[in-house]
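Worksheet for the structure shown next.
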Amino acid sequence: MPTDRIRTALELYKDFKGASPGGESPKRAAQSVPPPITYTRTRSLSIAHAVLHGHRVMAAHSKGPFVDAYKILRTQVTQRLRENGWNVVGVTSPGYGEGKTLTAVNLAVSLAMETTQTVLLVDSDLQDPTVHQVFGLKDCLGLADYLLDDQPVEDLLLHPGIGRFVLLPGGRAISNSTEILTSPKMVALVEELKHRYPSRVVIFDLPPLLHTADVLAFSPYTDALLIVVEEGKTTGEELQRALALVKNSRPVLGTVLNKAGRSSLSLTEMKAMLAT
């Protein structure tokens, strides 16, 4: 079974991963509740409920296995972030079409529904930026336009009217994405996003691991990675190759098993399988 092969690959990864970086345990993040946010410069949008529902954004669904799965994933990710003092996560997959973008969106939305933190989702899949499409938006300016054309970041941020969630779209597609993602301007932006607000979690939707060098080049600027695999599509060998590529780069929070069954609403159900 594909799921068995994926689990086998995870077990192999545990064997050669070795001990995680040591040192003193970081202090747990402050638990004070931030005041309500009024977005002034960030452009606020009103996304139709039908659009969110049609694109499987969990904010449009009040209950069910789809919502429950993302709440479980949110809890697991939050615990790992707080234990380690992390706040920057990259979401990737071994190959194309395995659900990484939808997972990144729903993880970010789920995290932003909590009152203890704000969440910024950055579409950094610069060869094929599609996060904006999940919200029913047409092509819009974004990260590439900031990096290449000096568009102010503040003018590119979008608040889709969901909790404490803000989106930085990818902008236009570019071919030299690896070089752009590791440029001094991008590195400075990551540092700014990471440290400007202590209660902010930053999620980067990254390209597939096995098809571009982007993740390997950019992962040192994240705190950890989350890898999305699809049951019946991702092979154990592909997952093993992907994990081997990043084993010396950044910690892997875990793998998300996508399409592990179907709900009565024909929505994708997923499970989180921690690789640690």
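Structure notes:
- Cubic angstrom per residue, convex hull over Cα atoms of the range 39-125: 135 Å³
- Backbone HN-Hα couplings from phi across the range 167-184 [Karplus 6.51/-1.76/1.60, Hz, Gly and Pro as x]: 10, 10, x, x, x, 6, 6, 10, 8, 8, 5, 4, 5, 5, 5, 10, 5, x
- Distance between modelled label sites at E191 and R241, nm, 7 Å Cα→Cβ extension: 3.6 nm
- Working note: Debye formula, equal point scatterers on the alpha-carbon atoms of the range 136-269, no solvent; log10 I(q)/I(0) at q = 0.11, 0.12, 0.13, 0.15 Å⁻¹ is -0.50, -0.60, -0.70, -0.92.
- Size-normalised alpha-carbon gyration radius of the range 74-171, reference 2.2 N^0.38 Å: 1.09
- Computed from the C-beta positions of H55 and T75 and an R0 of 25 Å, the FRET efficiency is 0.60 to the nearest 0.05.
Bear in mind that the values in this text are calculations on the coordinates, not laboratory data. These figures come from a predicted structure and were not determined experimentally. As a convention, Cβ positions derive from the backbone with ideal geometry for all residues, glycine included, and neighbour counts pool all protein chains shown.
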